[in-house]
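Any read-out appearing in this document is the output of simple, stated calculations on the displayed coordinates, not a laboratory observation. All values derive from a computational prediction rather than experimental measurement. Virtual Cβ from ideal backbone geometry, glycine too; neighbours counted across all protein chains shown.
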Amino acid sequence: MLAGRISKIETSQTMQVAAKAKELQAKGFNVVDLSVGEPDFPTPENVKNAGIKAIENNFTKYTVNVGLPELRQAIANKLKRDNRLDYSPSQIIVSNGAKQSLFNAVFSLVNPGDEVIIPAPYWVSYPNMVALAGGKNVFVPAKESDGFKITIDSLKNNISAKTKLLILCNPSNPTGAVYSKDELAQIADIIEENNIFVIADDIYEKLVYDGFEFASFASLKESLKERTIVVNGVSKAFSMTGWRLGYAAGPKEVISAMAKIQSHSTSNASSISQKAALEALSSTQEEVERMRKEFQNRRNLIFEGINNIEGLSAGMPQGAFYLFANVQKLFGKQSGNFQINSSLDFSLYLLEEAKVAIVPGIAFGMEGYIRISYAASTETLKEGIERIKKAVERLR
Ligand SMILES: Cc1ncc(COP(=O)(O)O)c(C=O)c1O
């Protein structure tokens, strides 16, 4: 009955864990949910008010499919202000979340048989988007020993005549790794030499710590703009996941192709959300900084808490809101009916026995790790650490 392409994709395992956690919550269990990929803060007041005002003013109709001209101008201003990137509004598209921009960019660039390089561990949707487009995923390991970043040699070794695209998530979901300007410049050289396109997923750009200076890939060199699609949005920086508002900037031809796909699938992003995003991007950025600082405190807390548990270890993430912890020392251990031989075994053990939800590394294409989200309150994190500690201590 179903089209063949459906067999090429999988239901997001991060969503499966979250669904299982919600199921336990519905049954009355007090689950500490550290599996989520969204900030727990409310959307800033001025941004909410812009949305309310849009409704009150009956700004509730279709907009032009690529997004309101004033919003695209605000995005162009933002890219200039924050990223030193010069784009005209005609090189910008507004979409239903960064996810839709990523999807449309992949579908605009990838032909069946084209190879797409994805550093692993990866955000789960990338390989599924590529598979739906008929492309071939080429995973380049970003190992813990390399700070969860791809090396230049591993990148070079995975390039073939069929390589069309690299999808670079910086800062990284799920590891929190960030690429410095120098590291990006080295990647850029290889990319240009081999005539490869890049989708730069900058969605976590605002969440970087310890004074790290974020650089957007295309900003390193003017020529990179011809082969880069910058993707970003308001979900993570402004705690606006539910508003579904993202955007992309890139070569006109690619943006026009993305607009065509969007015009025949979802038309425009919500008119109300567009007004709210306009406020978010063009007003004070104080709330963004306040949330960033809070995430940094939480990161310090979870880093220390997890590294104090015998059998678990993690490096210090420098971006996003995830800790990617090594759990390999627990493999071969057991408690009751639970035998731990994989990250999934351990995740299920934590969920059932400690009522803590985290995501197994295997969901992101890397076995031996778990992703702990610290997009949760300090109290929740402390409780989560305590429960994980007790559960790990029960393993023999
Ligand atoms: C790496 C990455 N890119 C993109 C997205 C999608 O963000 P949006 O809510 O704007 O669609 C997410 C959301 O989890 C993400 O983690």
In a Gaussian network model of the chain with springs linking alpha carbons closer than 10 Å, the residue among Ser271, Ser343, Ser223 that fluctuates most is Ser223
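Below 17 Å Cα-Cα, how many Lys pairs turn up in segment 279-396? Only count pairs eight or more apart in sequence, or on different chains, if you could. Each step should come with its number before you reach the end.
Values: Lys329/Lys389; Lys329/Lys390; Lys333/Lys389; Lys333/Lys390; Lys355/Lys382; Lys355/Lys389; Lys355/Lys390; Lys382/Lys390.
Taking segment 279-396 as the scope, the lysine pair count is 8.
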Label Ser180 and Thr60 with points 7 Å out from Cα along Cα→Cβ: what is the distance between them in nm? 5.3
Please determine, in degrees from 0 to 90 and to the nearest 10, the orientation of helix 97-109 with respect to the longest principal axis defined by the Cα atoms of the chain, where the helix direction is its Cα long axis. 70
Computed from the beta carbon distance with a Förster radius of 22 Å, FRET efficiency for Glu70 and Arg292 to the nearest 0.05 stands at 0.25
Expressed in angstrom and rounded, the centroid-to-centroid distance over alpha carbons for segment 283-340 and segment 1-68 is 23
Scalar couplings 3J(HN,Hα) for segment 184-197 by Karplus 6.51 cos²θ - 1.76 cosθ + 1.60 (θ = phi - 60°), nearest whole Hz, x for Gly and Pro, are 5, 5, 5, 4, 4, 4, 5, 4, 5, 4, 9, 6, 10, 8
What's the angle, to the nearest 10 degrees (0 to 90), between helix 378-393's Cα axis and the longest principal axis of the chain? 40
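Starting from the Cα-Cα distance between Asn341 and Thr380, subtract it from 0.36 nm times their residue separation and give me the gain in nm to one decimal.
Details: separation 39, 0.36 × 39 = 14.04 nm, distance 2.74 nm.
Full extension from Asn341 to Thr380 adds 11.3 nm.
Please give the contour-minus-distance gain from Phe41 to Ile152: 0.36 nm per residue of separation, less the Cα-Cα distance, rounded to one decimal in nm.
On the way: separation 111, 0.36 × 111 = 39.96 nm, distance 3.76 nm.
In short, 36.2 nm is gained.
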Positive minus negative residues near Glu144 (Lys, Arg vs Asp, Glu; Cβ under 15 Å): +2
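Summing Lys, Arg as +1 and Asp, Glu as -1, what charge do residues with Cβ under 9 Å from the Cβ of Phe324 carry, Phe324 excluded?
Details: positive: Arg371; negative: Glu144.
That sum, taken over residues with Cβ under 9 Å, equals 0.
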Say we join alpha carbon atoms closer than 10 Å with springs in a Gaussian network model of the chain; which of Ile306, Ile92, Ile203 then has the biggest fluctuation? Ile306
Would you mind ranking Glu205, Glu222 so that the residue whose beta carbon has the fewest other beta carbons within 10 Å leads the list? Glu222, Glu205
What residues qualify as long-range amide H neighbours of Leu245, i.e. H under 5 Å apart, gap of 5 or more or another chain, H built at 1.01 Å from N? Gly97, Ala98, Val234, Ser235
Long-range amide H contacts for Ala314: which residues qualify at under 5 Å (H placed 1.01 Å from N, peptide plane, sequence gap of 5 or more or a different chain)? Asn326
Descending Cα extents along the principal axes, the chain, whole Å: 60, 54, 53
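So if we plug the beta-carbon distance of Asp210 and Gln328 into 1/(1 + (r/R0)^6) with R0 = 25 Å, what FRET efficiency do we get, rounded to 0.05?
Computed FRET efficiency for Asp210 and Gln328 comes out at 0.40.
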Collect residues whose amide H, placed 1.01 Å from N in the peptide plane, falls under 5 Å from the amide H of Leu166; neighbours closer than 5 in sequence don't count. Ile117, Phe197, Val198, Ile199
Residue by residue through segment 358-364, which ³J(HN,Hα) values in whole Hz follow from phi under the Karplus form 6.51 cos²θ - 1.76 cosθ + 1.60 (θ = phi - 60°), with glycine and proline marked x? 9, 10, x, x, 4, 4, 9
At 0.36 nm per residue, minus the direct Cα-Cα distance, what do Ser160 and Leu301 gain on full extension? Give it in nm, one decimal, please. 46.5 nm
Which order do peptides 54-63, 255-264 fall in by mean Cβ count within 10 Å, highest first? 255-264, 54-63
Checking the cross-link filter: which aspartates and glutamates have an alpha carbon closer than 12 Å to that of Lys162, excluding same-chain neighbours under 8 positions apart? Asp114, Glu115
Approximate spin-label separation Gln25-Glu222, in nm, with each point projected 7 Å along Cα-to-Cβ: 5.1
Report the local net charge at Ala50: Lys and Arg +1, Asp and Glu -1, summed over other residues whose C-beta lies under 15 Å from its C-beta. -2
Segment 141-216: trypsin sites (Lys or Arg not before Pro) in DSSP loop, at most 15 other beta carbons within 10 Å: Lys143, Lys162
